[in-house]
Amino acid sequence: MTDQRPAAYAGPKRVFSGVQPSGDLHLGNYLGALVKFVALQDEMEGLYCVVDQHAITQWQEPAKLTAQTREIAAAYLAAGLDPAKAIIFPQSAVPQHTELAWIFQCVARVGWLDRMTQFKDKVGKHKERASVGLYTYPVLQAADILLYKATHVPVGEDQMQHLELTRDIAAKFNHDFDAPGFFPLAQPVAEGPGARIMSLRDGGAKMSKSDSSDQSRINLTDDADAIAAKIRKAKTDAEPLPQTVEGLAGRPEADNLVGIFAALSGQTKAQVLETFGGQGFGQNFKPALADLLIARLAPVSARMRGFLADPGQIDQILADGAERARALAEPVLTETRRIVGFWPG
Ligand code: AQP
């Protein structure tokens, strides 16, 4: 009997990921994405995109968008991405993304997009006022990834559903056009202690750039005083820290702060609780957490300021990256057009 399974993807391993230039980067972006980008850059070829086309799914001041694009690039560099290895570029400088996204809009099903929880969370009760782009943005995200046949996508947990959609689109395209193994089924790289950092004001909501309260997040650009004040005021409950990890159940704010401490110090939550369990939050834990955050983020923020002082250098890195990205994208798109049957075949 012949094997009926579709052929597996046989191409090289490649990383793609992106961050929206939609506001100041925060600790969640840093631990959930940037730290992983840097860890992966020596393992495989990687494309690290500033996804400005995703950013405009919600209103962005044009004058600020350009500056924010340079800021994200500066954050990538400050976190440790090396442009000699990693391809760093703005999404809008590679028009192949949107062309592939159109083809994928015709592959994806409305029912698939209707299930995306991030869209529902972002629009709340006002779906009819949201942009069409916000609704279809996971399809553009699939195009971002598959345009480079990326096999690995470092993301926070909030993006897992979108990555599943990317795999569904790849599988349906390969099947419908009888092109087994043409697009890979990209894997998330989401494990690790920083995969889901929650708001400092509400342990049930993720830390987010678009949260109206600046107190809810630690920005990469916050100075030492701002970080210390935000941690001092971070919401907790009235109980002391538990002695064991099981004791964090049902205590989302405590769990989040202990998780942040663990992620930054390279310890497990259990080890953190061995030191601080049984004590009140303000006694030693919060001051130690603030010190840890300042020690870890201050050098990143200083390097970011250094890069931003030379926008010409950032622009050169982005332009070089866009050229390298276009060179990888064009053959994939040409082949996709041929598979779909676009003229001249
Ligand atoms: N709270 C988080 N914890 C862990 N990872 C996170 N990421 C975002 N928030 C957290 C990861 O950061 C990467 C870039 O995210 P993005 O800017 O492209 O979009 P987002 O997920 O929508 O991030 P924000 O900060 O919440 O932005 P807004 O408020 O504009 O929607 C992604 O890998 C994401 O998983």
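The values are calculated or read from the model by the stated rules, or taken from the named source; none is laboratory data. Given the structure is predicted, the values throughout are model-derived calculations rather than measurements. Every residue, glycine as well, gets a Cβ built from its backbone with ideal geometry; the counts of neighbours run over all protein chains shown. Side chains are part of the model used for accessible areas, which takes the heavy atoms of the whole protein and leaves out ligands, DNA and RNA. Shrake-Rupley method; radii C 1.70, N 1.55, O 1.52, S 1.80 Å.
What's the extension gain from D121 to R109 if we count 0.36 nm per residue and subtract their Cα-Cα distance?
Extra length from D121 to R109 when fully extended: 2.3 nm.
Using θ = phi - 60° and the Karplus curve 6.51 cos²θ - 1.76 cosθ + 1.60, what whole-Hz ³J(HN,Hα) does each residue of segment 73-87 get, with Gly and Pro shown as x?
Here the 3J(HN,Hα) series is 4, 5, 5, 4, 5, 5, 6, x, 5, 10, x, 6, 10, 8, 8 Hz.
Hey, which aspartates and glutamates would be in cross-link range of K13, C-alpha to C-alpha under 15 Å, not counting anything within fewer than 8 residues on its own chain?
Cα-Cα hits under 15 Å: D42, E43, E45.
Could you size up the charge dipole of the chain around its Cα centre, putting +1 on the beta carbon of Lys and Arg and -1 on that of Asp and Glu, and report it in debye to the nearest 20?
400
With all protein chains present and a 1.4 Å probe, how do R338, R115 order by accessible area, largest first?
Numbers: R338 120, R115 140 Å².
Output order, biggest surface exposure first: R115, R338.
Ignoring ligands, DNA and RNA, what percent of the 1.4 Å accessible area of the chain is carbon and sulfur? Display every interim value, and only then the final one.
On the way: 8630 of 16100 Å².
Roughly 54 percent of what the probe reaches on the chain is carbon or sulfur.
Among 178-185, 149-156, what's the highest-first ranking by average C-beta atoms within 10 angstrom per residue? Don't skip to the answer; put the middle values down first.
Working: 178-185: 17.6, 149-156: 21.2.
The packing order, highest mean first, is 149-156, 178-185.
Which residue, G306, P287, T275, has the largest displacement toward the positive end of the dipole of segment 240-310 when charges sit on each Cβ (Lys, Arg +1; Asp, Glu -1)?
So the residue we want is G306.
Near the amide H of E45, under 5 Å away, which other amide H atoms are found, from residues 5 or more places off or on another chain, if H is placed in the peptide plane?
The answer is V15.
Helix 132-146: angle to the longest alpha-carbon principal axis of the chain, degrees 0 to 90, nearest 10?
Helix 132-146 sits at roughly 80 degrees to that axis.
Between H26 and residues 5 or more places away or on another chain, which pairs have amide H atoms under 5 Å apart, with H built 1.01 Å from N, and which residues are they?
When sequence neighbours closer than 5 places are left aside, the close amide H contacts are L220.
Using only Cα atoms, tell me the angle between helix 286-308 and the longest principal axis of the chain; keep it within 0 to 90° and round to the nearest 10.
Roughly 40 degrees, rounded to the nearest 10.
Only Lys, Arg, Asp and Glu count, each charged at its Cβ (+1, +1, -1, -1), so figure out the dipole size of segment 131-179 about its Cα centre, rounded to 20 debye.
120
Per-residue HN-Hα couplings for segment 14-28, Karplus 6.51 cos²θ - 1.76 cosθ + 1.60 at θ = phi - 60°, whole Hz, x for Gly and Pro?
Working through the residues one at a time gives 8, 9, 10, 7, x, 9, 7, x, 10, x, 5, 5, 10, 4, x Hz.
Give me the angle, in degrees from 0 to 90, between the Cα long axis of helix 224-233 and the longest principal axis of the Cα atoms of the chain, rounded to the nearest 10.
80
Explain nothing, just compute: Karplus ³J(HN,Hα) = 6.51 cos²θ - 1.76 cosθ + 1.60, θ = phi - 60°, for every residue of segment 44-56 in order, whole Hz, x for Gly and Pro.
In residue order, the calculated couplings are 7, 4, x, 10, 10, 9, 9, 8, 6, 5, 5, 4, 7 Hz.
Please compute the contact order of the chain in relative form: average sequence separation of alpha-carbon pairs under 8 Å and at least six residues apart, divided by the residue count, as a percent.
23
Check which residues have an amide H placed less than 5 Å from V189's amide H, if you skip close sequence neighbours.
Under 5 Å from the amide H of V189: V153, V155.
Leaving out ligands and nucleic acids, and using a 1.4 Å probe, what accessible area per residue does the chain come to in Å²?
That works out to 47 Å² per residue.
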